[in-house]
1. As a test of the formula, what do you get for the chain when each DSSP H run with n ≥ 4 contributes -39,500 (n - 2.57) and the sum is divided by the residue count, at 222 nm and rounded to the nearest 500 deg cm²/dmol?
2. Quick check on the chain: of the DSSP beta bridges with both residues there, what percent are antiparallel, nearest 5%?
3. Pick out which of 167, 139, 76 has the largest mean-square fluctuation in a Gaussian network model of the chain, springs linking Cα atoms closer than 10 Å.
4. Which net charge results when you count Lys and Arg as +1 and Asp and Glu as -1 among the other residues whose beta-carbon is under 13 Å from that of residue 162?
5. Which trypsin sites (Lys or Arg not before Pro) does segment 4-46 hold that lie in a coil by DSSP with at most 15 other beta carbons within 10 Å?
6. Order these by the 10 Å Cβ neighbour count, fewest first: 78, 125.
7. Excluding same-chain residues fewer than 8 positions from residue 168, which lysines have a Cα within less than 21 Å of its Cα?
8. Quick check: Cα centre of segment 36-63 to Cα centre of segment 162-205, how many Å?
Amino acid sequence: MRFVTVGDNCMDVYQASKKAYPGGNPVNVAVYLKELGAETAYIGWVGTDPYGDVMIHALQEKGVDVSHLTKKEGKTAVTYVELVDNDRKFGDYEEGVMADFSLTNEELHFIGNHQLVHAGIWGHVEEYFPTFREMGLTTSFDFSDQLDHSLVQTLPSFVDYSFFSYTKDDDYIRQFLKDVKSRGTNIAVATLGENGSLAYDGEQFYQFGVQEANVVDTMGAGDSFISGFIYARLQGQPIQKCLECGTNTAAKTISYFGAW
């Protein structure tokens, strides 16, 4: 299977230790999918600073295709992170060169050679999703915890798998997933932290709990869940099994520092 992820990347800089780890939703998803056995490519921009080289080399070491990862004059995006009881809390975000990200026609052609394209809400990629749909690609998008974002109203009609982050299984999130499904997405999924995950396909809800894990750092847990889910789905697995695969992938991620 061939997956391509597009959009934001950043260095996650931990305030206490001053250590920096490569990250960003599309970057993380590409790495986790590669670890699951897929062929993956990442398209984005990094700066000409040392962090840009760190990002490129880290992805190369993981076996992700970086032939369309471009260096632009300026700074690589940075997210400042604090750990509170092993749960990551995001601080300031400096977007750097990714603030002006766009795709070339050649990059769009390259994307068309893959089975699935994935992006996230901070990646400046949403305008291309109608094109991805016209190209016949399977599409995946992470809306994160931005449940009130305007894109929730407009983008699901071009997204096969819409992912959200919430806190618990309640009436609100169930109605929310129904609404997202009604806007055209194939399957609407919510990760619920310590309360597991929930998916809706227009006919019924599917639930899955959490796996026991030694929680060191929750960074990347949602991204790894997405990877496990879409990898299983493109292998033809039923939704319940996809939730399980996502949960298993996430359980591994939270057992070490950084996203990967």
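1. -9500 deg cm²/dmol, from helical runs alone.
2. Working: 18 of 48 bridges.
Roughly 40 percent of the beta bridges in the chain run antiparallel, per DSSP.
3. 167
4. Details: positive: 178, 181, 183, 233; negative: 126, 142, 160, 179, 201.
For residues surrounding residue 162, the net value is -1.
5. 18, 19
6. Working: 78 19, 125 24.
The fewest-first ordering by Cβ neighbours comes to 78, 125.
7. Partners within reach: 89, 178, 181, 241.
8. Rounded to whole Å, the Cα centres lie 31 Å apart.
Any read-out appearing in this document is the output of simple, stated calculations on the displayed coordinates, not a laboratory observation. Bear in mind the structure is a predicted one, so any value in this text is a computation, not a measurement. Glycine gets a Cβ as well: all are built from the backbone with ideal geometry, and neighbour counts include every protein chain shown.
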